[in-house]
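Read the structure below first, then the notes.
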Amino acid sequence: MNAHPATARAGFTLVEILIAVTIVVILGAVVGVNVLDAPQKARVGAARQQLSAFKTALGLYAADNGAVPTAEQGLEALVAPAARPPLPAAFPPGGYLEKASVPADPWGRPYAYFAPGRAGEPFEIVCYGADGEEGGSGYAADLSSSAL
């Protein structure tokens with residue numbers, strides 16, 4: 001007697017294989033989008049942290065010297081005593097930043113420094129985002145110290 005009935009079958013049908021492949025492709029797309037998005041999210045987070053560090057350093061500079069650096073002196077006045085007037089009354093030996101130079105934004109471009117700020121605040125530091133141009137949305141949106 002035959003142990004396997006004639007109606008039994010082995011393997012998968014084409015429809016079952018197509019369903020399985022479709023599920024794998026959908027899952028791959030979801031994971032892929034999230035993985036590809038991670039570096040841009042990290043850059044935005046790093047820019048926000050750097051803007052916060054600049055804000056703190058400028059607050060310390062103003063406390064020591066009575067005012068923030070002028071727009072002409074720029075953020076460089078946080079790492080080396082300004083050569084242009086008004087000269088700082090006090091300047092700590094290591095400057096106001098941890099690094100010996102002003103760091104670039106996470107996309108490799110310089111931060112924009114305004115003194116006074118564009119909305120009338122004492123200062124504003126701006127990172128122009130992924131595209132490096134004013135305006136934009138998403139990862140190309142501007143990040144400002146005023147919005148922190």
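Just so it is clear, none of the values below were taken in a lab; they were calculated from the coordinates. Everything numeric in this text was worked out from a predicted model, so none of it was measured. Glycine also receives a Cβ, built like all others from the backbone with ideal geometry; neighbour counts cover every protein chain displayed.
Quick notes
- Close amide-amide hydrogen proximity is noted between Asp105 and Tyr111, each under 5 Å apart and 5 or more residues distant or on a separate chain (H modeled in the peptide plane; Pro and chain starts excluded).
- FRET efficiency estimate (nearest 0.05) - Cβ-Cβ, Lys41 to Lys99, R0 22 angstrom: 0.40
- Rounded if a/c under 1.5, otherwise prolate or oblate - the chain, Cα gyration tensor axes: prolate
- Sites excluded, GluC sites (Glu not before Pro) in DSSP loops with at most 13 other C-beta within 10 Å, longest stretch of the chain: 1-71
- Excluding exposed DSSP-loop trypsin sites (Lys or Arg not before Pro) (at most 12 other C-beta within 10 Å), longest clean stretch of the chain: 10-98
- Along the range 100-115 the Karplus relation, 6.51 cos²θ - 1.76 cosθ + 1.60 evaluated at θ = phi - 60°, assigns HN-Hα couplings of 7, 9, 6, x, 7, 5, x, 9, x, 10, x, 6, 8, 10, 10, 9 Hz to successive residues, with x for each Gly and Pro.
- The stretch between Ala90 and Tyr139 holds 13.8 nm of extra length on full extension. This uses 0.36 nm per residue minus the Cα-Cα distance.
- When you restrict to C-alpha pairs under 8 Å that are six or more residues apart and normalise by the size of the chain, the relative contact order lands at 18 percent.
- Dipole magnitude for the chain: computed about the Cα centre from +1 point charges on Lys and Arg Cβ and -1 point charges on Asp and Glu Cβ, it is near 400 debye.
- 0 to 90° range, to nearest 10: angle between helix 14-65 axis and the chain longest Cα axis: 10
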